[in-house]
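A.B. asks: Structure provided below as structure tokens; questions to follow.
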Amino acid sequence: MADRTQDRHGHRIFAALYDRMTAPAERAILGPRRAALVGELTGRVMDVGAGTGANLPHYRRADEVIAVEPDPAMRRRLTARVADARVPVTVIAADGETLPAEDGTVDSVVFTLVLCTVPDPAQALAEARRVLRPGGTLLALEHVLGHGRAALWRRRLDPLWTRAAAGCHLDRDTETTIRAAGFAPATIEHFSTSPAWGPIGDLFQLTAER
Ligand SMILES: C[S@@+](CC[C@H](N)C(=O)[O-])C[C@H]1O[C@@H](n2cnc3c(N)ncnc32)[C@H](O)[C@@H]1O
């Protein structure tokens with residue numbers, strides 16, 4: 001079915017609401033986790049599906065952040081935040097499935113709350129592997145299907161949720177997809193939100209070396 005929430009300008013309503021909708025979660029959980037995940041990264045960093053730029057204030061040491069975002073409505077907000085970043089940021093219109101970098105030229109690739117949405121997460125991870133230098137780092141903070149009754153409800157709700165939330169899926173097993181792409185986690189932490197953010201409640205945060 002066609003995605004009626006999007007036109008050539010992108011997901012305008014989702015983009016307009018995103019920062020307001022996520023503000024409580026940012027204050028309570030996501031903000032500190034973003035800071036811990038990306039704050040110490042150095043060198044050339046690629047932030048895939050950078051959205052409205054929620055990670056940007058947390059980069060402190062990177063030489064350069066390449067913020068990749070395909071949705072024009074999200075990208076407008078992302079671009080508006082670049083001036084406030086403490087590190088140089090370049091915004092590029094591209095998909096995660098075709099990353100705009102040569103092989104082995106990136107030190108870190110960051111996915112936060114994005115592998116739930118990219119149409120082909122396996123391809124996006126293959127691209128991350130391609131652009132990362134040997135020894136480079138993959139970093140991810142993602143929500144997942146979870147287990148038991150919560151997983152059952154997320155599966156049922158997924159078709160509706162996907163249309164309301166700009167392509168986001170509730171039913172992905174992203175950790176398995178990351179491992180299948182050849183990334184063995186060096187660190188991984190599973191956590192739950194309490195209270196849950198609507199149907200989102202089970203997340204993980206990981207780092208893995210290329
Ligand atoms: C839920 S938002 C997360 C934004 C941001 N990473 C964050 O942590 O707040 C998901 C983002 O993925 C982007 N996206 C959708 N399809 C994508 C694709 N194929 N490649 C890269 N990003 C994509 C969306 O436009 C949106 O900005």
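A.B. asks: Looking at segment 68-92, which of the residues that are near the ligand (Cβ under 9 Å from one of its atoms) and surrounded by 20 or more Cβ atoms within 10 Å (Cβ to Cβ) is farthest from residue 17 (Cα to Cα)?
C.D. replies: 68
A.B. asks: Can I ask one more? Would you please list the contacts, defined by Cβ atoms under 9 Å and residues six or more apart or on different chains, that run from a residue in segment 101-127 that is in contact (Cβ under 8 Å) with a residue 40 or more places away in the chain and on the phi > 0 side of the Ramachandran plot to a residue that is away from the ligand (no atom under 11 Å from the Cβ) and of a type in the set (A, V, I, L, M)?
C.D. replies: As it stands, the answer is 113/203, since those pairs meet every condition given.
A.B. asks: Test residue 167 against the stated conditions and say whether it is touching a residue at least 60 places away in the same chain (Cβ under 8 Å) and more than 27 Å from residue 13 (Cα to Cα). Full working, then the answer.
C.D. replies: Working: touching a residue at least 60 places away in the same chain (Cβ under 8 Å): yes; more than 27 Å from residue 13 (Cα to Cα): no.
No, not satisfied.
A.B. asks: For segment 40-50, state whether one or more residues are assigned to a loop (DSSP other than H, G, I, E, B), more than 14 Å from residue 139 (Cβ to Cβ) and of a type in the set (D, E, K, R).
C.D. replies: No.
A.B. asks: Follow-up. Could you grab the pairs with beta carbons closer than 6 Å, sequence gap of 6+ or different chains, first residue in segment 10-22 and in a loop (DSSP other than H, G, I, E, B), second one surrounded by 17 or more Cβ atoms within 10 Å (Cβ to Cβ)?
C.D. replies: What qualifies is 11/71; 11/73; 11/166.
A.B. asks: Would you check if residue 119 is surrounded by fewer than 22 Cβ atoms within 10 Å (Cβ to Cβ), farther than 11 Å from residue 48 by Cβ and within 12 Å of the ligand (Cβ to nearest atom)?
C.D. replies: For residue 119, the condition - surrounded by fewer than 22 Cβ atoms within 10 Å (Cβ to Cβ), farther than 11 Å from residue 48 by Cβ and within 12 Å of the ligand (Cβ to nearest atom) - is met.
A.B. asks: Restricting to segment 151-169, what's the tally of residues that are open to solvent by 40 Å² or more (accessible area, probe 1.4 Å) and aliphatic (A, V, I, L, M)?
C.D. replies: 4
A.B. asks: I would also like to ask the following. Right, residue 145: in contact (Cβ under 8 Å) with a residue 40 or more places away in the chain and either loosely packed, with under 15 Cβ neighbours inside 10 Å or in a loop (DSSP other than H, G, I, E, B) (or both) or not?
C.D. replies: Criteria met by residue 145.
A.B. asks: Give 107, 95 a once-over and let me know the one that is assigned to a loop (DSSP other than H, G, I, E, B), open to solvent by 10 Å² or more (accessible area, probe 1.4 Å), out of contact with any helix residue (DSSP H, G or I) (no Cβ under 7 Å at 6 or more places or on another chain) and modelled with pLDDT of 95 or more.
C.D. replies: 95
The values are calculated or read from the model by the stated rules, or taken from the named source; none is laboratory data. No experiment lies behind these values; they were computed from the predicted model shown. Virtual Cβ from ideal backbone geometry, glycine too; neighbours counted across all protein chains shown. For the accessible areas, the whole protein counts, side chains as well, though only heavy atoms, and no ligand, DNA or RNA atoms are used. Shrake-Rupley method; radii C 1.70, N 1.55, O 1.52, S 1.80 Å.
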